[in-house]
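Working notes for the structure below.
Quick note: the coordinates plus some simple rules give every number you see, no bench work behind them. Keep in mind that what you see is a predicted model, and the values were worked out from it rather than measured. Counting neighbours? That spans all protein chains shown, and the Cβs are built from the backbone with ideal geometry, glycine included.
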Amino acid sequence: MRHAVLFALVLFAGCEREDREFRADPVATEADARIAMTSLSPGKGGPERSGANAKAYEENAYHISQGKKFYSWFNCKGCHANGGGGSGPALMDDRWVYGGEFANIVQTIEEGRPNGMPSFRGRIPDEQIRQIAAYVRSMGRYVPKAAAPGRSDDMSPGKDEQRRLPGRPADGGIVPPSAEMPQ
């Protein structure tokens with residue numbers, strides 16, 4: 001009996017609980033609010049800075065599901081509907097005026113775009129902006145099916161994110177005269 005108790009004490013003394021951080025502190029992870037010197041004109045040409053690693057967000061179901069929640073909370077649906085477009089452009093197709101890569105979407109959310117898209121820099125924490133960008137990429141079927149969220153809305157114009165075929169964004173598209181930068 002004595003040996004069993006001693007063995008149990010030695011066994012439990014060697015165990016250490018794993019310390020995990022499930023969510024980063026939004027304020028602590030906030031980057032310096034610098035003005036990005038970028039061209040807001042449509043077409044190819046990436047953002048000045050790429051930001052966080054895209055794969056860390058696009059291949060993580062938690063980040064994408066959080067992005068889906070924030071997409072609704074920050075009223076992105078007000079302009080982009082459920083991704084099919086409205087007063088803002090559609091997010092489900094392969095036409096991206098300012099580029100459809102993760103870094104381009106993050107830049108669009110942070111800096112805004114002329115004639116409609118407001119800047120959310122300083123209003124939404126960086127972590128949440130990247131989660132929204134990951135969700136936007138999932139709407140266009142640019143993330144792995146295993147990470148894509150299921151559709152929670154009967155009114156969504158397309159198939160749920162898990163059932164869409166993989167795609168690739170095409171830069172460019174038709175730019176209306178109202179979206180062009182003044183010369």
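Taking 0.36 nm per residue of sequence separation and removing the Cα-Cα distance, the Asn53/Cys79 pair yields an extension gain of 6.6 nm.
As a footprinting exposure proxy, order Met92, Met117 by other Cβ within 10 Å, with the fewest listed first.
Ordered from fewest to most neighbouring Cβ atoms within 10 Å, Met92, Met117 come out as Met117, Met92.
Converting phi to 3J(HN,Hα) with the Karplus coefficients 6.51, -1.76 and 1.60 and the offset θ = phi - 60°, segment 77-83 yields 5, x, 10, 9, 6, 8, x Hz in sequence order, with x at every glycine or proline.
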